[in-house]
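Before any comments, here is the structure.
The values are calculated or read from the model by the stated rules, or taken from the named source; none is laboratory data. It should be emphasised that the depicted structure is a prediction, and the values quoted were computed from it without experimental measurement. Counting neighbours? That spans all protein chains shown, and the Cβs are built from the backbone with ideal geometry, glycine included. The area values use the complete protein model at the heavy-atom level, side chains included, leaving out ligands, DNA and RNA. Shrake-Rupley method; radii C 1.70, N 1.55, O 1.52, S 1.80 Å.
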Amino acid sequence: MKLIAYYAIYNEADFIEYSLKSIYDHIDRIIIIEGAWREAYMANGYMRSFDGTIEKIKAFPDPLNKIEIHFHNEQHQLAQREMIFQYLPQELHWMWLIDGDEVYKAEDINKIKAIISEDDFPFEVVKINSYIFVNDFYTYTPIDWPRLFKLDPSQKKYIFVSPNDIQGKIGRAHV
């Protein structure tokens with residue numbers, strides 16, 4: 001079953017290369033929604049990233065043509081994230097939400113892939129334990145947000161109910 005990474009980004013130049021590099025070899029496809037939602041562009045006047053994010057994505061080595069970037073400016077964050085659904089394939093697959101500043105170790109990705117590829121894996125949502133930096137590289141906090149979603153677009157219409165959760169999912173696992 002395919003594993004597709006999904007980013008919704010805006011001004012992520014500091015980390016986007018590291019994030020893409022950490023997942024590229026482990027993911028079947030990378031879909032990037034770039035742009036500010038209404039609150040963000042009203043605050044700073046820019047609808048596209050202005051810190052070099054787009055240039056870094058376009059310069060990232062992509063010999064297998066896995067990376068696609070789409071530009072959107074929706075009214076709010078959830079509407080911006082929902083743009084992903086128009087680009088997902090119509091077959092059953094796993095969608096991995098990744099923020100532009102998230103970096104993963106190869107051995108952790110391989111563990112996750114092994115778990116979700118088990119034939120009897122009964123869950124449709126996987127929460128991944130990780131840490132996020134807060135303001136600097138010395139302060140961080142643990143998180144365990146839903147990150148992996150088994151999607152069957154032919155069966156359901158999906159919507160985001162929070163930036164990290166999709167409506168309609170019931171079975172959850174923690175990794």
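Miscellaneous remarks
- Only helices enter this figure: runs of n ≥ 4 DSSP H residues, each worth -39500 (n - 2.57), summed and divided by the residues of the chain, yield -6000 deg cm²/dmol at 222 nm to the nearest 500.
- A 1.4 Å probe run over the stretch 44-140, with the rest of the protein chains in place, finds 60 Å² accessible per residue.
- Exposed-site-free run, longest, the chain (rule: trypsin sites (Lys or Arg not before Pro); DSSP loop; at most 15 other C-beta within 10 Å): 49-104
- Angle between the chain longest axis and helix 106-116 axis [Cα atoms, degrees, rounded to 10]: 50 degrees
- Computed from backbone phi with θ = phi - 60° and the Karplus coefficients 6.51, -1.76 and 1.60, the 3J(HN,Hα) list for the stretch 143-152 is 9, 8, 7, x, 10, 10, 10, 7, 10, 10 Hz; x is used for glycine and proline.
- Rounded if a/c under 1.5, otherwise prolate or oblate - the stretch 27-112, Cα gyration tensor axes: prolate
- Highest-fluctuation residue, 95, 83, 42 considered, GNM on the chain with Cα pairs under 10 Å: 42
- Checking [x] 120; [y] 129; [z] 104 against the coordinates, the calculated volume of the Cα convex hull per residue in Å³ falls under label [x].
- Beta bridges by DSSP in the stretch 1-126, antiparallel share as percent, to the nearest 5: 0 percent
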